Amino acid sequence: MRQIFPSILSAMLLSLLVALLASGCGSKKPKSKTSGDADAGVGDAGQSDEEEVDEEGTEPGTEPGTEPVAEPEPEPEPEPEPEPEPVATKGPAVFPKAPANNQPNRQPVQYLLSIKKAQIVPGKPGGECWDDCSGEAQMAIGTAVSKIGALPPNSQSGFDYAAKALNLGVSLVGGTDAFPDTFVHIRCGHGQGHKTNVAKNKMVATWRYENKRFNLDERDECVISLWDKDDDGDEELGRVTVPLVQRANAGGGKAVLYTADEGFGFVYSLEIGLKPVDASGGGSASGGGGTSGGGGASTGTPSVPKGNYSIEIVKAKIKKTKKDGSTWDVDPKAKEGGGLLASLAGKAGGGKDADVFVEAWKNGYKTQAPFMTTAIKKENFYPVWNETGGMSLSDTDHINFMVWDKDLTANDLIGECKTKLMGKQYTGEVWLKAGKGCGGQVEYLLVKITKN
(Lines give C-alpha, C1' and ligand atoms only; values in the text may rest on other atoms or scores of the structure.)
Protein backbone atom coordinates (compact mmCIF):
# COMPACT_ATOMS: atom_id res chain seq x y z
CA MET A 1 0.00 0.00 0.00
CA ARG A 2 2.80 2.37 0.94
CA GLN A 3 4.48 1.58 -2.47
CA ILE A 4 1.35 2.25 -4.60
CA PHE A 5 0.52 5.77 -3.18
CA PRO A 6 3.71 7.52 -4.30
CA SER A 7 3.17 6.20 -7.84
CA ILE A 8 -0.41 7.60 -7.98
CA LEU A 9 0.80 10.96 -6.63
CA SER A 10 3.51 11.17 -9.29
CA ALA A 11 0.98 10.47 -12.03
CA MET A 12 -1.37 13.24 -10.80
CA LEU A 13 1.44 15.79 -10.65
CA LEU A 14 2.48 14.92 -14.20
CA SER A 15 -1.10 15.35 -15.50
CA LEU A 16 -1.38 18.76 -13.78
CA LEU A 17 1.88 19.94 -15.34
CA VAL A 18 0.77 18.90 -18.80
CA ALA A 19 -2.54 20.82 -18.38
CA LEU A 20 -0.73 23.98 -17.24
CA LEU A 21 1.62 23.83 -20.20
CA ALA A 22 -1.23 23.39 -22.65
CA SER A 23 -3.12 26.36 -21.12
CA GLY A 24 -0.07 28.66 -21.39
CA CYS A 25 0.70 27.85 -25.03
CA GLY A 26 -2.91 28.49 -26.11
CA SER A 27 -2.86 32.06 -24.71
CA LYS A 28 -0.47 33.25 -27.50
CA LYS A 29 -1.92 34.62 -30.75
CA PRO A 30 -0.94 32.86 -33.94
CA LYS A 31 1.28 34.71 -36.40
CA SER A 32 -0.68 36.63 -39.03
CA LYS A 33 0.01 36.20 -42.67
CA THR A 34 -0.37 38.89 -45.34
CA SER A 35 -1.79 38.26 -48.75
CA GLY A 36 1.72 38.26 -50.11
CA ASP A 37 2.79 35.46 -47.80
CA ALA A 38 1.26 32.86 -50.00
CA ASP A 39 3.74 33.82 -52.70
CA ALA A 40 6.69 34.15 -50.34
CA GLY A 41 9.49 31.74 -50.94
CA VAL A 42 10.90 29.41 -48.30
CA GLY A 43 14.52 29.92 -47.41
CA ASP A 44 17.15 27.42 -46.50
CA ALA A 45 16.47 25.15 -43.42
CA GLY A 46 12.70 25.56 -43.95
CA GLN A 47 12.46 29.12 -42.57
CA SER A 48 9.97 31.56 -44.12
CA ASP A 49 11.26 34.77 -45.83
CA GLU A 50 8.36 36.83 -44.34
CA GLU A 51 9.29 39.39 -41.69
CA GLU A 52 8.16 39.04 -38.09
CA VAL A 53 5.13 41.10 -36.90
CA ASP A 54 4.48 41.60 -33.15
CA GLU A 55 1.20 41.12 -31.37
CA GLU A 56 0.13 44.73 -32.01
CA GLY A 57 0.49 44.26 -35.78
CA THR A 58 3.51 46.52 -36.16
CA GLU A 59 6.80 45.75 -37.69
CA PRO A 60 9.79 45.66 -35.38
CA GLY A 61 11.46 49.06 -34.97
CA THR A 62 8.27 51.10 -35.59
CA GLU A 63 6.04 52.92 -33.16
CA PRO A 64 2.53 51.55 -32.59
CA GLY A 65 -0.17 53.43 -34.56
CA THR A 66 2.20 54.67 -37.29
CA GLU A 67 2.33 53.45 -40.90
CA PRO A 68 5.60 51.94 -42.03
CA VAL A 69 7.57 54.15 -44.41
CA ALA A 70 7.69 52.61 -47.87
CA GLU A 71 11.05 52.55 -49.56
CA PRO A 72 11.14 54.74 -52.71
CA GLU A 73 10.89 52.80 -55.94
CA PRO A 74 13.93 53.20 -58.23
CA GLU A 75 13.44 55.61 -61.14
CA PRO A 76 13.17 53.82 -64.50
CA GLU A 77 16.12 54.29 -66.81
CA PRO A 78 15.32 56.64 -69.72
CA GLU A 79 14.70 54.87 -73.03
CA PRO A 80 17.31 55.65 -75.70
CA GLU A 81 16.15 58.13 -78.34
CA PRO A 82 15.56 56.49 -81.75
CA GLU A 83 18.25 57.25 -84.35
CA PRO A 84 17.04 59.50 -87.18
CA GLU A 85 16.34 57.72 -90.44
CA PRO A 86 18.94 58.44 -93.16
CA VAL A 87 17.95 61.04 -95.73
CA ALA A 88 18.84 60.18 -99.33
CA THR A 89 20.82 62.89 -101.11
CA LYS A 90 21.98 63.09 -104.72
CA GLY A 91 25.42 64.42 -103.85
CA PRO A 92 27.74 66.49 -106.03
CA ALA A 93 28.12 65.73 -109.73
CA VAL A 94 30.73 63.11 -110.59
CA PHE A 95 31.81 64.00 -114.12
CA PRO A 96 32.84 61.23 -116.55
CA LYS A 97 36.52 60.72 -117.20
CA ALA A 98 38.08 62.35 -120.23
CA PRO A 99 39.01 60.21 -123.25
CA ALA A 100 42.76 59.54 -123.53
CA ASN A 101 43.01 60.73 -127.17
CA ASN A 102 46.52 59.35 -127.55
CA GLN A 103 46.33 58.51 -131.24
CA PRO A 104 49.62 58.13 -133.10
CA ASN A 105 50.73 61.10 -135.20
CA ARG A 106 48.26 63.33 -133.40
CA GLN A 107 48.13 66.78 -135.05
CA PRO A 108 46.00 69.11 -132.92
CA VAL A 109 44.56 72.33 -134.24
CA GLN A 110 43.20 75.12 -132.02
CA TYR A 111 39.41 75.45 -132.14
CA LEU A 112 36.97 77.85 -130.56
CA LEU A 113 34.26 75.76 -128.90
CA SER A 114 30.90 77.36 -128.11
CA ILE A 115 28.05 75.75 -126.18
CA LYS A 116 24.92 77.10 -127.89
CA LYS A 117 21.64 75.43 -126.96
CA ALA A 118 20.19 72.37 -125.26
CA GLN A 119 16.63 71.04 -125.60
CA ILE A 120 15.65 69.07 -122.49
CA VAL A 121 12.75 66.69 -121.93
CA PRO A 122 10.70 68.64 -119.31
CA GLY A 123 10.06 65.71 -116.96
CA LYS A 124 11.09 62.19 -116.04
CA PRO A 125 9.32 59.06 -117.32
CA GLY A 126 5.72 59.05 -116.15
CA GLY A 127 5.66 62.84 -115.87
CA GLU A 128 7.59 63.09 -112.61
CA CYS A 129 9.03 66.57 -112.10
CA TRP A 130 12.74 67.27 -112.00
CA ASP A 131 12.18 69.43 -108.91
CA ASP A 132 9.37 69.65 -106.35
CA CYS A 133 6.02 70.47 -107.93
CA SER A 134 2.30 70.39 -107.24
CA GLY A 135 -0.06 67.72 -108.50
CA GLU A 136 -1.46 70.08 -111.15
CA ALA A 137 2.03 70.94 -112.34
CA GLN A 138 2.98 67.28 -112.50
CA MET A 139 -0.04 66.54 -114.69
CA ALA A 140 0.83 69.42 -117.00
CA ILE A 141 4.47 68.31 -117.23
CA GLY A 142 3.37 64.74 -117.90
CA THR A 143 1.31 66.01 -120.83
CA ALA A 144 4.33 67.96 -122.08
CA VAL A 145 6.55 64.87 -121.88
CA SER A 146 4.11 62.80 -123.93
CA LYS A 147 3.81 65.50 -126.60
CA ILE A 148 7.60 65.89 -126.82
CA GLY A 149 7.84 62.11 -127.25
CA ALA A 150 5.58 62.34 -130.30
CA LEU A 151 7.89 64.81 -132.10
CA PRO A 152 10.09 63.75 -135.03
CA PRO A 153 13.44 62.46 -133.70
CA ASN A 154 15.72 65.11 -135.22
CA SER A 155 13.81 68.39 -135.34
CA GLN A 156 15.19 71.34 -133.39
CA SER A 157 12.59 73.67 -134.86
CA GLY A 158 9.77 71.25 -133.99
CA PHE A 159 10.93 71.05 -130.37
CA ASP A 160 11.24 74.85 -130.11
CA TYR A 161 7.70 75.31 -131.45
CA ALA A 162 6.25 72.70 -129.09
CA ALA A 163 8.20 74.08 -126.13
CA LYS A 164 6.60 77.52 -126.47
CA ALA A 165 3.07 76.14 -126.29
CA LEU A 166 3.86 73.61 -123.54
CA ASN A 167 5.73 76.16 -121.47
CA LEU A 168 2.61 78.36 -121.42
CA GLY A 169 0.39 75.50 -120.20
CA VAL A 170 2.82 74.53 -117.43
CA SER A 171 3.32 78.14 -116.32
CA LEU A 172 -0.44 78.58 -115.79
CA VAL A 173 -0.28 76.06 -112.91
CA GLY A 174 3.03 77.37 -111.58
CA GLY A 175 5.05 74.39 -112.77
CA THR A 176 7.92 76.02 -114.64
CA ASP A 177 10.03 76.07 -111.47
CA ALA A 178 10.12 72.27 -111.77
CA PHE A 179 11.92 72.39 -115.13
CA PRO A 180 15.60 71.41 -114.87
CA ASP A 181 18.35 73.90 -114.02
CA THR A 182 20.76 72.80 -116.73
CA PHE A 183 24.51 73.07 -117.12
CA VAL A 184 26.89 71.38 -119.57
CA HIS A 185 30.25 69.76 -118.83
CA ILE A 186 32.71 68.73 -121.55
CA ARG A 187 36.09 66.97 -121.46
CA CYS A 188 38.32 66.28 -124.46
CA GLY A 189 41.48 64.90 -122.86
CA HIS A 190 44.91 66.45 -122.34
CA GLY A 191 43.58 68.51 -119.44
CA GLN A 192 41.00 70.30 -121.58
CA GLY A 193 37.54 70.84 -120.15
CA HIS A 194 34.74 73.36 -119.70
CA LYS A 195 31.60 73.77 -117.58
CA THR A 196 28.87 76.26 -118.44
CA ASN A 197 26.79 78.46 -116.19
CA VAL A 198 23.40 77.16 -115.03
CA ALA A 199 20.35 77.93 -117.19
CA LYS A 200 17.47 77.89 -114.69
CA ASN A 201 14.02 76.36 -115.25
CA LYS A 202 14.21 75.90 -119.01
CA MET A 203 13.01 73.33 -121.51
CA VAL A 204 15.21 75.11 -124.05
CA ALA A 205 18.43 76.26 -122.36
CA THR A 206 20.66 78.73 -124.19
CA TRP A 207 24.06 80.17 -123.37
CA ARG A 208 25.94 83.21 -124.58
CA TYR A 209 29.68 83.79 -124.35
CA GLU A 210 30.27 80.18 -123.26
CA ASN A 211 33.40 79.93 -125.41
CA LYS A 212 36.54 77.91 -124.76
CA ARG A 213 39.62 77.14 -126.85
CA PHE A 214 40.56 73.50 -127.34
CA ASN A 215 43.50 71.95 -129.16
CA LEU A 216 41.96 69.00 -131.00
CA ASP A 217 42.96 66.46 -133.59
CA GLU A 218 40.07 65.55 -135.87
CA ARG A 219 40.14 62.01 -134.40
CA ASP A 220 39.86 63.23 -130.79
CA GLU A 221 36.74 62.27 -128.88
CA CYS A 222 35.01 64.47 -126.29
CA VAL A 223 32.71 63.28 -123.52
CA ILE A 224 29.80 65.65 -122.94
CA SER A 225 27.37 65.44 -120.03
CA LEU A 226 24.35 67.57 -119.06
CA TRP A 227 23.15 67.99 -115.47
CA ASP A 228 20.21 69.31 -113.45
CA LYS A 229 21.57 71.52 -110.67
CA ASP A 230 19.77 71.05 -107.31
CA ASP A 231 20.36 72.15 -103.73
CA ASP A 232 20.61 68.55 -102.54
CA GLY A 233 22.88 67.42 -105.36
CA ASP A 234 23.12 67.27 -109.14
CA GLU A 235 21.25 64.81 -111.34
CA GLU A 236 22.63 63.69 -114.69
CA LEU A 237 20.36 64.29 -117.68
CA GLY A 238 22.49 62.46 -120.23
CA ARG A 239 25.97 61.94 -121.63
CA VAL A 240 27.56 61.14 -124.97
CA THR A 241 31.06 60.59 -126.38
CA VAL A 242 31.66 61.83 -129.94
CA PRO A 243 34.48 62.83 -132.32
CA LEU A 244 33.51 66.47 -132.03
CA VAL A 245 35.70 67.89 -134.80
CA GLN A 246 34.33 65.41 -137.31
CA ARG A 247 30.75 66.14 -136.30
CA ALA A 248 31.28 69.90 -136.47
CA ASN A 249 33.03 69.68 -139.85
CA ALA A 250 30.14 67.63 -141.20
CA GLY A 251 27.74 70.33 -140.01
CA GLY A 252 29.68 73.31 -141.38
CA GLY A 253 31.18 74.28 -138.03
CA LYS A 254 28.17 73.22 -135.95
CA ALA A 255 27.50 69.88 -134.28
CA VAL A 256 23.90 69.07 -133.32
CA LEU A 257 23.74 65.94 -131.18
CA TYR A 258 20.33 64.25 -130.93
CA THR A 259 19.31 61.60 -128.44
CA ALA A 260 17.73 59.65 -131.31
CA ASP A 261 21.22 59.20 -132.83
CA GLU A 262 23.47 59.23 -129.80
CA GLY A 263 21.41 57.79 -126.92
CA PHE A 264 21.61 61.08 -125.00
CA GLY A 265 19.27 60.33 -122.09
CA PHE A 266 16.77 63.14 -121.41
CA VAL A 267 18.56 65.54 -123.79
CA TYR A 268 16.54 65.89 -126.99
CA SER A 269 19.39 67.82 -128.63
CA LEU A 270 22.56 69.77 -127.88
CA GLU A 271 24.08 72.31 -130.27
CA ILE A 272 27.82 73.07 -130.15
CA GLY A 273 29.79 75.42 -132.39
CA LEU A 274 33.40 74.51 -133.26
CA LYS A 275 35.55 76.57 -135.59
CA PRO A 276 39.30 76.67 -136.17
CA VAL A 277 41.13 79.69 -134.80
CA ASP A 278 43.10 81.55 -137.49
CA ALA A 279 46.61 82.88 -137.05
CA SER A 280 45.35 86.28 -135.89
CA GLY A 281 43.52 84.65 -132.98
CA GLY A 282 39.99 84.94 -134.33
CA GLY A 283 37.60 82.20 -135.35
CA SER A 284 37.77 81.08 -138.93
CA ALA A 285 34.63 81.04 -140.98
CA SER A 286 35.69 77.73 -142.48
CA GLY A 287 34.33 74.53 -141.04
CA GLY A 288 37.69 72.77 -141.39
CA GLY A 289 38.71 70.17 -143.89
CA GLY A 290 40.68 71.67 -146.74
CA THR A 291 42.66 69.99 -149.50
CA SER A 292 45.72 68.99 -147.49
CA GLY A 293 44.21 67.26 -144.44
CA GLY A 294 44.11 63.57 -143.77
CA GLY A 295 47.73 62.49 -144.10
CA GLY A 296 47.00 60.12 -146.98
CA ALA A 297 49.20 59.09 -149.89
CA SER A 298 47.17 61.16 -152.32
CA THR A 299 48.19 64.74 -153.06
CA GLY A 300 44.60 65.79 -153.76
CA THR A 301 43.29 67.45 -156.92
CA PRO A 302 44.67 70.38 -158.89
CA SER A 303 43.63 73.84 -157.73
CA VAL A 304 42.50 74.85 -161.26
CA PRO A 305 39.98 72.31 -162.58
CA LYS A 306 40.08 71.37 -166.23
CA GLY A 307 37.02 70.60 -168.34
CA ASN A 308 33.55 71.96 -168.77
CA TYR A 309 32.44 70.85 -165.28
CA SER A 310 33.90 71.53 -161.83
CA ILE A 311 33.25 68.78 -159.26
CA GLU A 312 33.74 69.51 -155.57
CA ILE A 313 33.64 66.60 -153.11
CA VAL A 314 32.48 68.27 -149.91
CA LYS A 315 31.80 65.71 -147.17
CA ALA A 316 30.34 62.30 -146.37
CA LYS A 317 28.92 60.22 -143.57
CA ILE A 318 29.59 56.52 -143.39
CA LYS A 319 28.37 53.75 -141.13
CA LYS A 320 30.59 52.76 -138.21
CA THR A 321 30.87 49.09 -139.15
CA LYS A 322 30.92 46.92 -142.23
CA LYS A 323 27.76 45.22 -143.38
CA ASP A 324 28.67 42.11 -141.36
CA GLY A 325 29.12 44.19 -138.18
CA SER A 326 32.93 44.02 -138.08
CA THR A 327 35.18 47.07 -137.72
CA TRP A 328 36.76 48.70 -140.75
CA ASP A 329 40.32 48.15 -139.60
CA VAL A 330 42.13 45.86 -137.16
CA ASP A 331 40.90 46.24 -133.60
CA PRO A 332 43.68 47.57 -131.31
CA LYS A 333 43.03 44.61 -129.00
CA ALA A 334 44.43 42.36 -131.72
CA LYS A 335 47.90 43.69 -130.90
CA GLU A 336 47.76 41.98 -127.54
CA GLY A 337 47.71 38.53 -129.16
CA GLY A 338 50.91 38.94 -131.21
CA GLY A 339 51.46 37.48 -134.68
CA LEU A 340 50.41 38.88 -138.03
CA LEU A 341 47.33 40.74 -136.76
CA ALA A 342 49.42 42.41 -134.09
CA SER A 343 51.98 43.49 -136.67
CA LEU A 344 49.34 44.90 -138.99
CA ALA A 345 47.60 46.70 -136.12
CA GLY A 346 50.86 48.27 -135.06
CA LYS A 347 51.67 49.47 -138.58
CA ALA A 348 48.17 50.79 -139.03
CA GLY A 349 48.54 52.98 -135.95
CA GLY A 350 46.20 50.95 -133.76
CA GLY A 351 42.93 52.44 -135.07
CA LYS A 352 39.86 50.44 -136.01
CA ASP A 353 37.81 53.21 -137.70
CA ALA A 354 37.78 53.84 -141.43
CA ASP A 355 40.48 55.83 -143.24
CA VAL A 356 38.27 57.35 -145.93
CA PHE A 357 39.01 58.66 -149.41
CA VAL A 358 36.89 59.10 -152.56
CA GLU A 359 37.61 58.50 -156.23
CA ALA A 360 35.56 60.16 -159.00
CA TRP A 361 35.13 58.13 -162.19
CA LYS A 362 33.55 59.06 -165.51
CA ASN A 363 30.84 56.62 -166.58
CA GLY A 364 31.60 53.86 -164.08
CA TYR A 365 34.32 52.25 -162.01
CA LYS A 366 37.39 51.04 -163.92
CA THR A 367 36.18 52.43 -167.23
CA GLN A 368 39.41 54.48 -167.18
CA ALA A 369 41.57 56.09 -164.51
CA PRO A 370 39.70 58.21 -161.91
CA PHE A 371 39.77 61.88 -162.81
CA MET A 372 39.83 62.89 -159.15
CA THR A 373 41.03 61.33 -155.87
CA THR A 374 40.68 63.01 -152.49
CA ALA A 375 43.08 62.97 -149.57
CA ILE A 376 42.66 60.27 -146.92
CA LYS A 377 40.77 61.21 -143.77
CA LYS A 378 42.09 58.87 -141.10
CA GLU A 379 39.76 57.19 -138.59
CA ASN A 380 36.80 59.31 -139.56
CA PHE A 381 33.10 58.55 -139.95
CA TYR A 382 32.31 62.16 -140.94
CA PRO A 383 35.08 63.08 -143.39
CA VAL A 384 35.21 66.57 -144.86
CA TRP A 385 37.33 67.35 -147.92
CA ASN A 386 36.10 70.44 -149.81
CA GLU A 387 38.32 69.33 -152.72
CA THR A 388 37.62 70.29 -156.32
CA GLY A 389 38.46 68.67 -159.65
CA GLY A 390 37.38 69.12 -163.24
CA MET A 391 36.17 66.94 -166.11
CA SER A 392 34.76 67.30 -169.60
CA LEU A 393 31.34 65.69 -169.62
CA SER A 394 28.55 65.40 -172.17
CA ASP A 395 24.84 65.24 -171.46
CA THR A 396 24.96 61.42 -171.66
CA ASP A 397 27.82 61.05 -169.18
CA HIS A 398 27.53 60.49 -165.47
CA ILE A 399 29.90 60.35 -162.47
CA ASN A 400 30.54 57.44 -160.11
CA PHE A 401 32.03 58.25 -156.70
CA MET A 402 33.77 55.27 -155.10
CA VAL A 403 34.17 55.67 -151.32
CA TRP A 404 37.05 53.60 -149.90
CA ASP A 405 38.62 52.60 -146.61
CA LYS A 406 42.42 52.72 -147.01
CA ASP A 407 44.17 49.58 -145.71
CA LEU A 408 47.73 48.26 -145.80
CA THR A 409 46.89 45.13 -147.74
CA ALA A 410 43.77 45.87 -149.83
CA ASN A 411 41.34 48.77 -149.68
CA ASP A 412 37.77 48.07 -148.57
CA LEU A 413 34.94 49.49 -150.65
CA ILE A 414 32.63 51.38 -148.29
CA GLY A 415 30.08 52.20 -150.98
CA GLU A 416 29.38 53.74 -154.36
CA CYS A 417 27.40 56.88 -155.21
CA LYS A 418 26.22 57.86 -158.69
CA THR A 419 24.85 61.00 -160.31
CA LYS A 420 22.16 61.16 -162.96
CA LEU A 421 23.10 61.73 -166.62
CA MET A 422 24.60 65.19 -166.82
CA GLY A 423 21.87 66.33 -169.23
CA LYS A 424 19.32 65.65 -166.44
CA GLN A 425 21.50 66.35 -163.43
CA TYR A 426 20.91 69.71 -161.75
CA THR A 427 23.93 71.71 -160.69
CA GLY A 428 24.84 73.19 -157.32
CA GLU A 429 24.76 71.11 -154.13
CA VAL A 430 23.89 67.50 -154.84
CA TRP A 431 23.04 65.25 -151.88
CA LEU A 432 23.55 61.59 -152.76
CA LYS A 433 21.93 59.56 -149.96
CA ALA A 434 21.58 55.91 -149.03
CA GLY A 435 18.99 54.34 -151.34
CA LYS A 436 18.86 57.54 -153.42
CA GLY A 437 22.13 57.56 -155.30
CA CYS A 438 24.34 55.79 -152.74
CA GLY A 439 24.78 52.14 -151.84
CA GLY A 440 26.83 50.10 -149.39
CA GLN A 441 27.69 51.65 -146.04
CA VAL A 442 27.57 55.28 -147.24
CA GLU A 443 24.80 57.24 -145.53
CA TYR A 444 25.33 60.33 -147.68
CA LEU A 445 27.84 62.10 -149.94
CA LEU A 446 27.61 65.82 -150.61
CA VAL A 447 29.12 67.14 -153.85
CA LYS A 448 28.88 70.44 -155.70
CA ILE A 449 28.60 70.39 -159.48
CA THR A 450 29.29 73.59 -161.42
CA LYS A 451 29.13 74.02 -165.16
CA ASN A 452 32.03 76.20 -166.30
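The values are calculated or read from the model by the stated rules, or taken from the named source; none is laboratory data. Not measured: the values here are computed from a predicted model. In this analysis, Cβ positions are derived from the backbone assuming ideal geometry, glycine residues included, and neighbour counts consider all displayed protein chains. The area values use the complete protein model at the heavy-atom level, side chains included, leaving out ligands, DNA and RNA. Shrake-Rupley method; radii C 1.70, N 1.55, O 1.52, S 1.80 Å.
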Checklist entry - Rounded, prolate or oblate: which one fits the stretch 354-427, using the alpha carbon gyration tensor with axes a ≥ b ≥ c (rounded when a/c is under 1.5, else prolate when a/b beats b/c, else oblate)? => result prolate
Checklist outcome for this item: Taking protein heavy atoms only, a 1.4 Å probe, and rounding to whole percent, the accessible area of the stretch 361-413 owed to carbon and sulfur comes out at 50
Next on the checklist: About the Cα centre, and with charges only on the beta carbon of Lys, Arg (+1) and Asp, Glu (-1), how big is the dipole of the stretch 369-452? Nearest 20 debye, please.
Outcome noted: 300
Checklist entry - Could you give the length gained on full extension between THR143 and ASN411, defined as 0.36 nm per residue of separation minus the Cα-Cα distance, in nm? => result 91.3 nm
Next on the checklist: Expected output is a single nm value to one decimal: the length gained when fully extending between THR367 and SER134, i.e. 0.36 nm times separation in residues minus the C-alpha distance. What is it?
Outcome noted: 76.8 nm
Item to check | Over 21 Å between alpha carbons, listed pairs LYS323/LYS406; LYS362/LYS424; LYS362/LYS420; LYS319/LYS352; LYS322/LYS448; LYS195/LYS275 | outcome: LYS322/LYS448
Next on the checklist: I'd like the FRET efficiency for THR241 and ASP395, computed as 1/(1 + (r/R0)^6) with the beta carbon distance as r and R0 of 41 Å, rounded to 0.05.
Outcome noted: 0.30
Checklist entry - Quick one: which of 174-183, 232-241, 360-369, 198-207 comes out on top by average Cβ neighbours within 10 Å, and what's the full order, highest first? => result 174-183, 198-207, 232-241, 360-369
Checklist outcome for this item: Mean accessible area per residue over the stretch 89-215 (1.4 angstrom probe, all protein chains present, square angstrom) is 53
Item to check | Per-bin percent of Cα-Cα distances, the stretch 220-267 [10 Å] | outcome: 25, 46, 22, 6, 0
Item to check | Ordering of 163-169, 254-260 by burial proxy (mean other Cβ atoms within 10 Å per residue, highest first) | outcome: 254-260, 163-169
